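So the structure is just underneath, and the comments pick up after that.
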Amino acid sequence: MLKAFQSKTRIAKSRLHRSAKLGIALLSALPLLFSPSAYSAELPNFKAEFNVQALGLNLGQAKHSMQCTAGNCTLKSDAKPSGLAAAFFKDSSHETIQLKQTQDTLSWQSYHKLGISYKDGKSKEKVTNLKLDPKQNKVIYPEKNREWPMQPQLFDVMSIAYAIQHAKLNNASLQNFTLQDTNFQDKLVLKSTNQHDFVGLDFADNNLDAVKYHFTSQHAEIELWLLPKYNYFPGKIRILNKDEKTITLSLAEPPKLL
């Protein structure tokens, strides 16, 4: 009976040892399961409104939206003057950007802009297109017969803020962005990061916590405030071009998820 008891004790100890080893292995695996490299997040469909300032004036609002179907995303911006500015300016712009989104990547496909200007009571339309030519691996500007080589993490001025939001959500590098304009293609350099900044917005009674990024390039500077409270959605976007003309977009109300 003693031998039988000793045998059962050895078996129980062996099982306990194996269970302990398994537990340690699982605990060791947890950091891998929840590490930034294993985490991924997609941008949701949304609608948002921004107040637009330029030349020291409140020009009106820009309405942004994004809709994705099976990884094919359409980002839109519709901007026109309102309030006092509408008495002096009637120009409007309608931008449409095509993006591809996978579980952890966001890539640019094309940019289209319809600008409508008015002079002497007559309207004039101007169309601008930037397109990715995947066969040649180039960005094409057909209206001006210009082209540039395609770059990793390339985005236009409209979509760059959301690309940075996507990178923040996925703990991806912010060092490899390229800014595509109709006149240039610039490498963006991350000049500074403030993880504990604040931003005042019209819809909030108090300043909101923000993560602020400051990017520079040869032709432009971008300051961007992302809001942790709203899944790091862009709360404020400020763009300064080489002619020292600044345009600022400030979120007018909380973004609406669709």
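Per-structure values
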| item | result |
| --- | --- |
| Shape of region 40-157, Cα gyration tensor, a/c cut at 1.5 | oblate |
| Förster radius 51 Å - calculated FRET efficiency between HIS94 and HIS196 (Cβ-Cβ, nearest 0.05) | 0.85 |
| Backbone HN-Hα couplings from phi across region 208-216 [Karplus 6.51/-1.76/1.60, Hz, Gly and Pro as x] | 9, 4, 8, 9, 9, 10, 10, 10, 10 |
| Solvent-accessible heavy-atom area per residue, rounded to whole Å², over region 154-258 at 1.4 Å | 47 Å² |
| Nonlocal amide H pairs with GLU253, under 5 Å, H built at 1.01 Å | GLU49 |
| Computed lengthening from GLN218 to THR74, 0.36 nm per intervening residue step minus Cα-Cα distance | 49.0 nm |
| Cα-based Rg and Dmax for region 208-258, where Dmax is the largest Cα-Cα distance (Å) | 12.3, 38 |
| Candidates per GluC sites (Glu not before Pro) in region 206-258, loop by DSSP, up to 11 other Cβ within 10 Å | GLU244 |
| For region 39-148: accessible area per residue (Å², 1.4 Å) | 62 Å² |
| Cα gyration tensor category, rounded, prolate or oblate, for region 97-240 with a/c compared to 1.5 | oblate |
| For PHE177, distant residues with modelled amide H under 5 Å away | LEU188 |
| Within the accessible area of region 88-144 (1.4 Å probe), percent carbon and sulfur | 49 percent |
| Integer Hz, Karplus 6.51/-1.76/1.60 couplings in order for region 71-81, x for Gly and Pro | x, 9, 10, 10, 9, 10, 9, 10, 10, 8, x |
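The values are calculated or read from the model by the stated rules, or taken from the named source; none is laboratory data. Worth saying up front: this structure is predicted, and the values here are computed from it rather than measured. With ideal geometry, Cβ positions are generated from the backbone for all residues, glycine too; neighbour counts draw on all protein chains shown. Remember, those area values only see protein heavy atoms, side chains included, never the ligands or the DNA or RNA. Shrake-Rupley method; radii C 1.70, N 1.55, O 1.52, S 1.80 Å.
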